[in-house]
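The values are calculated or read from the model by the stated rules, or taken from the named source; none is laboratory data. Here the structure is a predicted model, which means the values were calculated and not measured. Ideal geometry is used to build each Cβ from the backbone, glycine not excepted, and the neighbour counts take in all protein chains shown. Remember, those area values only see protein heavy atoms, side chains included, never the ligands or the DNA or RNA. Shrake-Rupley method; radii C 1.70, N 1.55, O 1.52, S 1.80 Å.
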Amino acid sequence: MNILSYPFDGDYILKHKKAVKKQLLSENTGRIKIKIAVLGGSTTNEIVNIMELFLLSYGLEPDFYQSEYAQYWQDAVFSSQTLDDFHPDLIYIHTTNRNITEFKADMTLSQEQTDEAVMRQFRHFEEAWTALSDRFGCPIIQNNFEMPFYRLLGNKDSTDHRGRLNFINRLNVMFAEYASSHKNFYINDINYVSACFGLDRWSDMQVWYMYKYALAISAIPELAFNTANIIKSIYGKNKKMLVLDLDNTLWGGVIGDNGVNGIEIGHETGMAEAYTGFQEYIKEHKQLGVLLAVNSKNDRENALSGLRHPDTVLTEDDFVTIKANWNNKDDNILEIASDVSILPESFVFADDNPAERAIVASQVSGVSTPELDTVENYIKILDRNSYFELTSYTADDVKRNDMYKANLQRLQSMKKFSDYNEYLLSLDMKAQISDFEPVYLERIVQLTNKSNQFNLTTKRYTMAEMSDTFESPDYIRLFGKLTDKYGDNGIVSVVIGEIKNTQLHIDLWLMSCRVLKRNMEYAMLDELISQCSKRGISEVYGYYYKTAKNSMVENLYGDFGFMQTENNEDGSRVFRLCTDDYMGKNKVIKVNDNGGN
């Protein structure tokens, strides 16, 4: 729904929240259900109501627990039976500078006394985080602090140790340092959000005194949106690819009319600098693992000449694929999705032309089409929508564009072979398949939350849950890395099975879609059965839970040779395989340097 995309009308959302929710719920999209505990240092009711709308639009269906007014610390530190019974999947602590209790406006305080007060305040929050982490082991989102709405010391309030602003700045740094050293802990940067909204507007004294909301009612959609973006990123609901128009999007002017020397790019004019700044912003996304593509109505040679302009920041090498033709842009989007094996709902389509955006939005379900107006606002509109909100980062992310470009090279190579098996052998594939290693745990968790199409149970893991699984002797765990003559695909497959006597029950089987139809699933199965044999496991049970996205793997276990034992009305299935007479299936991938199976 565009009304929930930036720039949104917060007052409209507040006024029509029931109608918006009803419309969202009518769209049956197979949402992930999550339980969120909101522990508030002030009133949170409306924050929860609006956050729910954004989460529903992201494909998440929340069930909320709310602490009693200002009881966030008590709920966290002391056992609450209601909260314990709720057992949250995620905890959001909504505190603000109203909950800073250790600051005293006292000009007689020494530096040492102020330092002690800052530390006491930090320890107060840290005690809550530790207690919650120990009890629930789930992700925790914690607000940092917005600036105070007045400065007793004027400009010196930020530098003097007795200043309130100085106190808040120090706490924010300590919160950030804690987040950087603790997995599963995230900062909700209301310091930034309140600055963008306007601190004077944010600090509404009337709603504080009357309703005990620590921010203006009109600011609640901004806060809820920012919080929801962290949650959707944790649950793998980020966008993955940014598809860009060219004329008047990446440069000013129409290259077909004005020629390469007539487009606005570089530093000669203010307009040219604006497009250059936008290109620099786009290019920075590559290191985050965001895939880039072109979708432009243009002659291909004109498009390439623009990307070869001496002042361009983005070149043709920065894009996984370039669709510069006169086809409908919605058709190009679908073709790009097919080429890279990513669902269109993971795409953002940036085009200055509202008609083109409208066509793509109406014809390709799930594609985000931000309302770009003038180039000066392009960065703000894309950035504030938080399509690519970062909550985890691995070494594979920086290489992702190159990985997908290599995959397209593989597709081109495949066309030269009449025998598909010969093509696979020509790739010279090598796999490392082994038990989890600590260095790869974050990437493994990331995969469990991003993979949808090739994910048989669609189970999601937090870092804490994965760490527990990693340390338990009751599981067989495998991750698979795949390389070939075109490059390194990184970690592309994860399998987790729980051991119960002489049976193994597969809790998770997923694979990156960029290595589909390359026999990696057979290599993983061979290694899994090998591990079962070593542990005296005679039966393996596989589970398929049907979703709107994973129908492509509904017959995977049958293809593996499993026998179906259950076929339920909801589409879920159960399969069983006896390991005694299993014959290896992988013939084309060399596994763990052993020459293949």
Classified through the alpha carbon gyration tensor (a ≥ b ≥ c as square roots of its eigenvalues; rounded if a/c is under 1.5, else prolate when a/b is larger than b/c, else oblate), segment 299-377 comes out oblate
Cα-based Debye curve of the chain sampled at q = 0.09, 0.12 Å⁻¹ gives log₁₀ I(q)/I(0) of -0.82, -1.31
Whole-percent tail of the Cα-Cα distance distribution for segment 481-569, cut at 22 Å, equals 32
Computed D for segment 428-542, Stokes-Einstein, Kirkwood radius over alpha-carbon pairs, 20 °C, 1.002 mPa s, to the nearest µm² per second, is 150
Packing-ranked peptide list from 441-449, 119-127, 50-58, highest mean Cβ count within 10 angstrom first, is 50-58, 441-449, 119-127
Among the Cα-Cα pairs of segment 410-483, the proportion with separation greater than 21 Å, in percent, is 45
Taking Cα pairs closer than 8 Å and at least 6 residues apart, the relative contact order of segment 299-453 in percent is 17
Taking every C-alpha to C-alpha distance in segment 279-343 and binning by 5 Å from 0, the per-bin percentages run 4, 17, 25, 24, 21, 9, 1
For residue 485 the rounded accessible area (nearest 10 Å², probe 1.4 Å, non-protein molecules ignored) is 110
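Assuming 0.36 nm per residue, please report the length gained on full extension of the stretch residue 196 to residue 159 beyond their Cα-Cα distance.
11.0 nm
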Under 5 Å from the placed amide H of residue 508, counting only residues 5+ away or on other chains, we find 496
Looking only at lysines whose Cα falls under 27 Å of residue 212's and that sit 8 or more positions away or on another chain, we get 15, 17, 18, 21, 35, 104
Karplus ³J(HN,Hα) for segment 105-112 (6.51 cos²θ - 1.76 cosθ + 1.60, θ = phi - 60°; Hz, whole; x = Gly/Pro) runs 7, 9, 6, 8, 5, 7, 4, 5
With every protein chain in place, the accessible area of residue 532 for a 1.4 Å probe, in Å² rounded to the nearest 10, comes to 0
Of the candidates 349, 420, 392, the farthest towards the positive dipole end of segment 325-470 (Lys/Arg Cβ +1, Asp/Glu Cβ -1, centred on the Cα centre) is 420
Segment 307-341 and segment 226-275 have their Cα centres apart by a whole-number Å value of 13
Note: segment 500-550 at 25 °C, 0.890 mPa s; Kirkwood Rh on alpha carbon pairs; Stokes-Einstein D in µm²/s works out to 196
With +1 on the Cβ of every Lys and Arg and -1 on the Cβ of every Asp and Glu, the dipole magnitude of segment 274-329 about its Cα centre, in debye rounded to the nearest 20, is 260
Stokes-Einstein, Kirkwood over Cα pairs, segment 47-173, 37 °C, 0.692 mPa s; D in µm²/s equals 198
Shape descriptors of segment 1-89 over alpha-carbon atoms, Rg and Dmax in angstrom, are 14.7, 42
Percent relative contact order for segment 41-89, counting Cα pairs under 8 Å at least six residues apart, stands at 39
Relative to the compact-globule estimate 2.2 N^0.38 Å (N residues), the Cα gyration radius of segment 461-517 stands at a ratio of 1.33
In Å², rounded to a whole number, the accessible area per residue of the chain with probe 1.4 Å is 43
For segment 571-586, in residue order, the Karplus 3J(HN,Hα) values (coefficients 6.51, -1.76, 1.60; θ = phi - 60°; whole Hz; Gly and Pro = x) are x, 6, 9, 10, 10, 9, 9, 7, 7, 4, 10, 5, 10, x, 10, 7
Cα extents of segment 138-292 along the principal axes, largest first, in whole Å, come to 60, 40, 32
Calc'd 3J(HN,Hα), segment 148-162, phi into Karplus 6.51 cos²θ - 1.76 cosθ + 1.60 (θ = phi - 60°), Hz, glycine/Pro = x, comes to x, 7, 8, 10, 4, 9, x, 5, 6, 4, 8, 10, 6, 5, 8
CD proxy, 222 nm, the chain: helix-only mean residue ellipticity via -39,500 (n - 2.57) per DSSP H run with n ≥ 4, per residue, nearest 500, stands at -11500 deg cm²/dmol
By accessible area (1.4 Å), largest first, 492, 398 order as 398, 492
The long-range amide H neighbours of residue 312, using H built 1.01 Å from N in the peptide plane and a cut-off of under 5 Å, are none
To the nearest 20 debye, the chain has a Cα-centred charge dipole, built from +1 on Lys and Arg Cβ and -1 on Asp and Glu Cβ, of 760
Within the under-10-Å Cβ sphere about residue 397, not counting residue 397, Lys/Arg +1 and Asp/Glu -1 give a net charge of +3
Of the residues 216, 100, 449, the Cα lying farthest along the dipole of the chain towards its positive end, which is defined by charges on the beta carbon of Lys, Arg, Asp and Glu, belongs to 449
Flagged as over-length at 20 Å C-alpha distance, from 380/405; 481/517; 239/286; 500/534, the pairs are 380/405
For 252-264, 14-26, 210-222, ranked highest to lowest by mean beta-carbon neighbours within 10 Å, the order is 210-222, 252-264, 14-26
Across all Cα atoms of segment 205-363, Rg and the largest Cα-Cα distance (Dmax), in Å, are 19.2, 64
Note on the chain: contact order normalised by length, alpha-carbon pairs under 8 Å, 6 or more apart, percent, works out to 10
Residues meeting the amide H criterion for residue 145 (H placed from the backbone, H to H distance under 5 Å, 5 or more places apart or on another chain) are 191
In the chain the DSSP beta bridges are antiparallel at a rate, in percent to nearest 5, of 45
